[in-house]
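Engineer: First the structure, which I've put down as structure tokens, then a few questions once you've had a look.
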Amino acid sequence: MKKYFIILLLVLFVSVGYSLEASVNIYEDSQNSIPSNVFGNGSLVYLTAYNGVSCCSSVNAEVYNIDGKINVTLIDTKNNGFYKGSFVVGSDATNDSLDYIHSEDNGTVGIFILFTQLSNGTAEINIDYGKPDVVNVTGTFQNGILLNWTTSFDKSGIYRYLIYRSENNITDSDLIYSSKDTSFRDKNVIDGKRYYYSVKAVDSVGNKGDFSEAIYVDTPDVSPPNEINDLFAKGISGGRIVLNWSKPYENTQLDYYLVYRSISSNFSNVSYYSNISSEGFLDQNISDNVVYYYFVISVDRSGNSAKMSNLVYASSDATAPKRIDNLAAYLGYNGTVKLSWKTDCNCSFRVYKSVFPINSIKDLEGLSFVETKEMNYSDKLSSSYYYAVVAFDEFMNSANISNIVKADPDLIAPSSVKELNIVSDSNKKIILSWQPSSSIDLDYYAVYRSVNGSVQIYTTTNKTEYVDYSVSNGQLYYYLIRAVDKFGNEDNNTNFVNATAIDAYVMLEISYPANNSQLSQDRVAVIGKTDSDSIVKIKNVINGSVFESDAIVDKNGLFIGYAPLGDGFNGIEVSTRDVSGNEQKEYVLLNNKFLQTSHVSLDSSLENLKVVVYNSTVNNTISADPAVITELARTDPNIVNEKNNIENYITGNTVPADLSIPFIVIFAVILSIACFVVYKKFLKDKVLYNGIKKVTI
């Protein structure tokens, strides 16, 4: 039964006696672009009101039906009396979060808006909750899947149709398209698949009809599977070849594979195996050492064949390699054993070991193994082991078990040394000596040293004595000597000896020049050896003048220096002082006869060689002992340049390069002073002249 809603508007005009009708419009969208006066269940109703005059920030709209009313607030848009608002109509219970008016199907809802006593407006909407009629759908495959359906009916009019598609049961989530026509062509389909379709009609107020009866359409399968591109072939034991590949993509379903084989790379003579159902094939019908070529083609259930796969080739051999019969075991250092064998097979090898005897290949079952391509293997022995080796060729054909070898570890330590003696030498060294171990498999002796309680291996030696030069004066040292055999076994000797290092002597040996040498030159090189880190000074007194310089000392104590010579007998004093303050002096007596007069000016620094030579014509004296010079340069290359400078100075051939700098500086200073004196004199003359001129004026 149709229900009527009455909108009553009563406005009393006190001043003029009449009312002004405002404009009220109804829309179905928030942009107020789609006007409507029919609404479905749960629809939002958007309304606007306009009276040309802004009276207030908001006005009240009374929305009526036969059961009652609701108040809807319309907000002023600040546009000369233009107001907007919305409410919901529906058959459900009131929704407290929205302005909601209850209404039944086919009813009407009235709207009354009072702006002022002089202005009001009214409107009316109709309610339609009814679903559109269900359509009937047909479909065929025509350049895609073409759907047609009957026209639906609804009193509010049909707005559009919703098309749904699925590969099984259709639900609301399977919507693929919306159309205002009664046909649709679906081109987004794959060959060889079955698709289900259904259509819903939607009326002009948004009411949706029910799903139509679902139909299905099969697309023809005309697409072949993808070609295989990862075919792999390998020869295996027993004269067989195995093929493997991955399953290619297919839009429907793969049916089987065709495996093609030939002994020619151009497949001039080809055979094939059909109805292969899995992604693999084992070819057992082959001959030894013959190369076979393969490719594979996949076929789907519609009979479409893929392109040929990548080409592969392989060969195999059913003949097992020869048995290894020369396996040998050698005991090594520190409890190790080295196995070795020989064969002409290009094989890999599995090395088995067991604490129990190995008599046949059955005894290898359950044993772990190590695989290697080398014909040797090293192992650590913790007890006695039996070893066997089995060769495998590239096709994994296995040889029979090798000969068996047994390795027994040497875990017995050598005998200890005897009569360990220690002597602290006065020149900062400690000397150790002992009686040798009596073990026949002795390898070396380990020298342990302890300083401040920390004991560790200091060095090793194969002699029965050791001299420790790396000691500090006054420090107490403890030593222990242990014998070690060829298998790394070490005796457990714990008998320490100790001594305190003494530094009461510094070595000094002069190798050049020899004492009482006859010379004819104005300077001489002095070469020798002392303790490392020592300071060596070379001194000569000529006519009451003392000439002293420091020699260069390398890290091994070799030194080289020089001394000027006077005419006649010269007593060259060479002194050294080590870091402990020990001093030593040696003297060399030389008889010298000058060829020409010369003048030598020296300072005390050999490193810079600040020497001015005025007249010098002498022989090369450093080359008199080339072996010593060569050893000195080889031992410490950093002093080669200094040695060359000394040699040049001694021979008088050239002045060292670094001496050119002082000469330039001195010359520049003298020139500057001369210029300054001349300039000052010029200024003085100019002032006097100007002064006289001023007096004249």
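The values are calculated or read from the model by the stated rules, or taken from the named source; none is laboratory data. A quick note: this is a predicted structure, and the numbers were derived from the prediction, not measured. With ideal geometry, Cβ positions are generated from the backbone for all residues, glycine too; neighbour counts draw on all protein chains shown. Note: accessible area is taken over every heavy atom of the protein model, side chains too, but ligands, DNA and RNA are not part of it. Shrake-Rupley method; radii C 1.70, N 1.55, O 1.52, S 1.80 Å.
Engineer: Express in Å², to the nearest 10, the accessible area of R482 obtained by rolling a 1.4 Å probe over the protein heavy atoms while all chains stay in place.
Structural biologist: Around 50 Å² of this residue is reachable by solvent.
Engineer: With a probe of 1.4 Å, find how much accessible area the range 179-292 has per residue, and write the answer as a whole number in Å².
Structural biologist: Per-residue accessible area for the range 179-292 comes out at 53 Å².
Engineer: Could you calculate the contour length gain from S237 to Q518, that is, 0.36 nm times the residue separation minus the distance between their Cα atoms, to one decimal place in nm?
Structural biologist: Value of the extension gain: 92.1 nm.
Engineer: Dividing the Cα convex hull volume of the range 210-274 by residue count, how many Å³ per residue is that?
Structural biologist: 167
Engineer: Ignoring ligands, DNA and RNA, what percent of the accessible area of the range 492-581 is carbon or sulfur (1.4 Å)?
Structural biologist: Percent of accessible area from carbon and sulfur atoms in the range 492-581: 46.
Engineer: Next question. Residue separation times 0.36 nm, minus the C-alpha to C-alpha distance between S383 and I263: what's the value?
Structural biologist: 37.8 nm
Engineer: Now, a different point. How high is the relative contact order of the range 349-398, in percent, counting Cα pairs under 8 Å that sit 6 or more residues apart?
Structural biologist: Across the range 349-398, relative contact order equals 53 percent.
Engineer: Heavy-atom accessible area of L476 with all protein chains present, probe 1.4 Å, nearest 10 Å²?
Structural biologist: Taking all protein chains as shown, L476 has close to 60 Å².
Engineer: Also: At q = 0.17, 0.21, 0.23, 0.24 Å⁻¹, work out log10 I(q)/I(0) for the range 247-303 with the Debye formula, treating every Cα as an identical point scatterer and leaving solvent out; two decimals please.
Structural biologist: Summing over Cα pairs of the range 247-303 leads to -0.61, -0.83, -0.93, -0.98.
Engineer: Shifting gears a bit: Could you sort I170, I66, I163 by their accessible area in this structure, using a 1.4 Å probe and putting the largest first?
Structural biologist: Descending order: I66, I170, I163.
Engineer: Mind grabbing the accessible area of K84 for me, 1.4 Å probe, Å², rounded to tens?
Structural biologist: For K84, solvent-accessible area is about 80 Å².
Engineer: Taking N as the number of residues in the range 37-171, what is its Cα Rg relative to 2.2 N^0.38 Å?
Structural biologist: 1.48
Engineer: Explain nothing, just compute: Karplus ³J(HN,Hα) = 6.51 cos²θ - 1.76 cosθ + 1.60, θ = phi - 60°, for every residue of the range 552-563 in order, whole Hz, x for Gly and Pro.
Structural biologist: 8, 10, 8, 5, 9, x, 5, 9, 9, x, 8, 8
Engineer: Around D174, under 12 Å between beta carbons, what's the net of Lys plus Arg minus Asp minus Glu among the other residues?
Structural biologist: 0
Engineer: OK, next. Could you provide, to the nearest whole Å², the per residue accessible area of the range 335-392 with probe 1.4 Å?
Structural biologist: With all protein chains present, the range 335-392 gives 56 Å² per residue.
Engineer: Say R0 is 25 Å: what FRET efficiency, to the nearest 0.05, do V579 and T459 get from their beta-carbon distance?
Structural biologist: Efficiency, from the Cβ-Cβ distance: 0.60.
Engineer: Turning to a different aspect of this structure: Top to bottom by accessible area (1.4 Å), largest first, where do T372, T171, T48 land?
Structural biologist: Per-residue accessible area, sorted high to low, gives T171, T372, T48.
Engineer: Applying 1/(1 + (r/R0)^6) with R0 = 25 Å to the Cβ-Cβ distance of D172 and K131, what FRET efficiency is obtained, to the nearest 0.05?
Structural biologist: 0.95
Engineer: Compute from the Cα atoms of the range 186-331 the Rg and the Dmax, the latter being the longest Cα-Cα distance, and quote both in angstrom.
Structural biologist: Cα radius of gyration and Dmax of the range 186-331 are 26.0, 99 Å respectively.
Engineer: Once you sort the root eigenvalues of the Cα gyration tensor of the range 325-405 as a ≥ b ≥ c, which label holds: rounded (a/c under 1.5), prolate (a/b larger than b/c) or oblate (the other case)?
Structural biologist: Taking the square roots of the gyration eigenvalues as a ≥ b ≥ c, the range 325-405 is oblate.
Engineer: Do any of K234/K322; K200/K307; K322/K353; K131/K187 go past 32 Å between their Cα atoms, and which?
Structural biologist: In this structure, K200/K307 exceed 32 Å between Cα atoms.
Engineer: Related question: Give me the percent of the accessible area of the range 404-466 that comes from carbon and sulfur atoms, probe 1.4 Å, all protein chains in place.
Structural biologist: Accessible surface attributable to carbon and sulfur in the range 404-466 totals 45 percent.
Engineer: Could you point to the residue in L519, Y477, N495 farthest towards the positive end of the range 475-534's charge dipole, with +1 and -1 charges on the Cβ of Lys/Arg and Asp/Glu respectively?
Structural biologist: L519
Engineer: If you don't mind, there's one more thing I want to ask. How do C347, C55 rank by accessible surface area computed with a 1.4 Å probe, from largest to smallest?
Structural biologist: C55, C347
Engineer: Which FRET efficiency value, to the nearest 0.05, do you get for N376 and V355 by plugging their Cβ-Cβ distance into 1/(1 + (r/R0)^6) with R0 = 25 Å?
Structural biologist: 0.70
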